[in-house]
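Trainee: Pasting a structure here, questions to come.
The values are calculated or read from the model by the stated rules, or taken from the named source; none is laboratory data. Only a predicted model underlies this, so the values are computations on that prediction, with no experimental measurement involved. Cβ: placed from backbone, ideal geometry, glycine included. Neighbour counts: every protein chain shown.
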Amino acid sequence: MLNSVREKVEEFVVQNGIPVSELPNKITNNIDLATSGEEILNLLSETDKEIFRGWVISDNLKSDGLSNDFSILKKISILSKLIYEKIHEQSKSPDKRFKIILSGCGTSGRLAYLCSQTFSLFLKSIYPALDYNVCDYIIAGGDYALVNSVESVEDKPKVGAQLLKNILDEHPNTECVYLGITCGFSAPFVAGQIDFCLNKENNRNILACGIIGFNPVEMTRKTSPINENNENFYDLMKKLENMERQDPNKYFIFNPLIGPEPITGSSRMKSGTTTKILIDLIFTKALVYLDKRENSNELEMLDFYEKILNVLYAENTKKNLGNIIDNSCEALRNLKHGGSINYLSDSERLGLLCCVDASECLPTYGAGKNDIKGFVSAKNAKSLTQKWQGFIKNCPTVWSQNIIDHLENFNSDKCVFILIESDDEFQSDQEIIDKENLEKILLEKTQCKIYKINLSSKNIEHTNRIKVLEMNELSIIYREASKMYSSYFSNCLQEFTLKLILNAISTGAHVLYGKTYENIMIDVKVSNIKLYWRACGILKKFCSELNKEQCEDYLLASIYSGEKLTNEKNDIEKHIEVATGKEFIVPKALIMALTGCNYSNATLLLDESRNSVRNCIFKLKNKIQNK
Ligand code: S6P
């Protein structure tokens, strides 16, 4: 007999056999038929609401959203109290060192970085004597992966465990809270770290070990052994679940069931947003304890996020933001005629979000490195912190050099420039480019379309060429958050706002451009184990008469360009190696599976549709249905 809502939802997911993180979302099933940015926003508004209000599975079944998942809220409270006690203890006796380590791959690692920086900097501002970052981060692939895709390291549990060990070794006698993030409960990199934490020999300085993800534990990945005992991620999660039951003050599984992503599997969206909210709440609540304020209420904090959703998806904003999405899509349609989408911020914190969103379009939508870019404005690269200088060297989508040197890149009316206006407290001592001057030059010397997104407390003037996305209610919300909690919380809310806006622009522009079929990005790159199985899942979804094995065979035929397979079929790592860098693997496999044609003919059919995967599949499906 199933009692709780959670049990019923979990049972549904397990019976269905597909993890929530890989399911298509019913709300956005027809997102590829949307004809405007505003229509896309209507859909995203519904899927984002699921984070707070729950995922509607059927007329009788709905999961708890963050706002009524009391077991998760309770865990937030316990962990934040522990963090508070340790920070407080350290502020009294500085030799008692304490560290929080956030870790993840891809977007999860990027959020680990962002959240750790915002929190550490804030702590330094209230405890000037702190001479190290209380909150540290690990990202698979190192800092290079902050703005580049390095999907393959995700599959390496030993690398994950070693990096965690390195931090612990570097800080002996430091008590640590470890929080791993893997939205799909699928990244072996994070599993390796969980395995490390659960091992008694390593456990001495680990005060707490937690994981964030958005699937039932039962749906944790069961393939890929993680350790010498041949245990897989699922085995470890079962252990963790057991330990959490026995010691709920030390072990934590944060896995609210917020429903599938608007673009199937794109965990940078809802899951990334929810990850951020969970971490924001844990840290904000710890700060409230430190401040000796009245006890805080998580529901009241969540209310701030929902208020922001309401502002973002209000009719007026939707119209203006929808317009930015439309023009951003136009820029993509005109890539050959100077079209491009460019974000710019003069805050390191928000600038990182810009660069991250832009760089995620490469692996998510197969975007080219010039299609969508993030800029951090500074007079010259040298004035940025060392970390940023590293990014610039490594990343094609981050430009911080004097933009004026690159004016020729914006000299088309199809090029869109989106300036983020903020009054950021954390600006470092970088030399900020004179924004008015930049605007003047953009206006006088280029033809690009210019938009401003106002996240500051000031009003900004609209002009003929500069359109402003003004959301006056935001500054009231931020101010209230700062007054009731801390300026840290208000910064978290600002990051949340910008993340949603940028995700909507980049997703909306690519979907309108025709990059998805239904809500599925078919042309997924097969660059790690998760994506290999996702590719098989896509084939299965569109060719339901085939069994799993046949789907895998079509995928392999495409990876090996129709040649006979000479490697072991179960050597997935080898298949991924061969697939890396190849184009249109899944679309070609799908064409072969749908039509029964060979690899060369699949290539021809795709060519005939000018590589528009959506058009090709659409035509083929119609043909098959009309037979
Ligand atoms: C998803 C993004 C990926 C994931 C990464 C980690 O939109 O492109 O880089 O963040 O694969 O996934 P997970 O499930 O371990 O958080």
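Trainee: Pull up the range 351-368, narrow it to residues that are away from the ligand (no atom under 16 Å from the Cβ) and more than 15 Å from the chain's Cα centre (by Cα), then point me to the one that is nearest to residue 423 (Cα to Cα). Before you say what the answer is, go through the steps one by one.
Mentor: So in the range 351-368, the residues away from the ligand (no atom under 16 Å from the Cβ) come out as 351, 354, 368.
Subsequent filtering for residues that are more than 15 Å from the chain's Cα centre (by Cα) retains 351, 368.
Values: 351: 13, 368: 32 Å.
Top of the filtered list is 351.
Trainee: Name every residue in the range 526-576 that is touching a Gly at 6+ places or on another chain (Cβ under 6 Å) and surrounded by fewer than 19 Cβ atoms within 10 Å (Cβ to Cβ), in order of residue number. If you could, list the steps in order and put the result at the bottom.
Mentor: Going residue by residue through the range 526-576, those that are touching a Gly at 6+ places or on another chain (Cβ under 6 Å) are 534.
Matches in the range 526-576: none.
Trainee: Can you name the helices (runs of 4 or more DSSP H) wholly within the range 268-378 that have at least 2 residues being in the same structural domain as residue 507 (by the TED database)?
Mentor: Details: elements: 270-290, 298-312, 315-333, 348-365.
Those helices (runs of 4 or more DSSP H) span 298-312, 315-333, 348-365.
Trainee: Continuing with the same structure: How many residues does the range 177-197 hold that are more than 13 Å from residue 154 (Cα to Cα) and either at pLDDT below 95 or in a helix (DSSP H, G or I) (or both)? Steps first, please.
Mentor: Taking the range 177-197 and keeping what is more than 13 Å from residue 154 (Cα to Cα), we get 177-179, 194-197.
Next, from what is left, pick out any that are either at pLDDT below 95 or in a helix (DSSP H, G or I) (or both): 194-197.
Qualifying residue count, the range 177-197: 4.
Trainee: Kindly indicate whether residue 257 is within 16 Å of the ligand (Cβ to nearest atom), in contact with a strand residue (DSSP E or B) (Cβ under 6 Å, 6 or more places away or on another chain) and in the same structural domain as residue 73 (by the TED database). Don't jump to the end; show me each part of the working.
Mentor: On the way: within 16 Å of the ligand (Cβ to nearest atom): yes; in contact with a strand residue (DSSP E or B) (Cβ under 6 Å, 6 or more places away or on another chain): no; in the same structural domain as residue 73 (by the TED database): yes.
So residue 257 fails the test.
Trainee: Same structure again: If you check residue 147 against the conditions, is it modelled with pLDDT under 95, in contact with a Phe, Trp or Tyr (Cβ under 7 Å, 6 or more places away or on another chain), β-branched (Val, Ile, Thr) and not assigned by the TED database to the domain that holds residue 376? Walk me through it before giving the result.
Mentor: Numbers: modelled with pLDDT under 95: yes; in contact with a Phe, Trp or Tyr (Cβ under 7 Å, 6 or more places away or on another chain): yes; β-branched (Val, Ile, Thr): yes; not assigned by the TED database to the domain that holds residue 376: yes.
For residue 147, the condition - modelled with pLDDT under 95, in contact with a Phe, Trp or Tyr (Cβ under 7 Å, 6 or more places away or on another chain), β-branched (Val, Ile, Thr) and not assigned by the TED database to the domain that holds residue 376 - is met.
Trainee: Just one of the numbered conditions (1) within 16 Å of the ligand (Cβ to nearest atom); (2) crowded, with 23+ Cβ neighbours inside 10 Å is not true of residue 197; which one?
Mentor: For residue 197, the failing item is (1).
Trainee: Return the pair list, or none, for Cβ contacts closer than 7 Å from residues in the range 520-538 that are within 13 Å of the ligand (Cβ to nearest atom) to residues that are among the basic types (Lys, Arg) and assigned to a helix (DSSP H, G or I), at least 6 apart or on different chains.
Mentor: Short answer, once both residue conditions are applied: 524/534.
Trainee: Follow-up. State the number of residues belonging to the range 127-163 that are under 26 Å from residue 358 (Cα atoms), in a helix (DSSP H, G or I) and touching a residue at least 60 places away in the same chain (Cβ under 8 Å).
Mentor: 7
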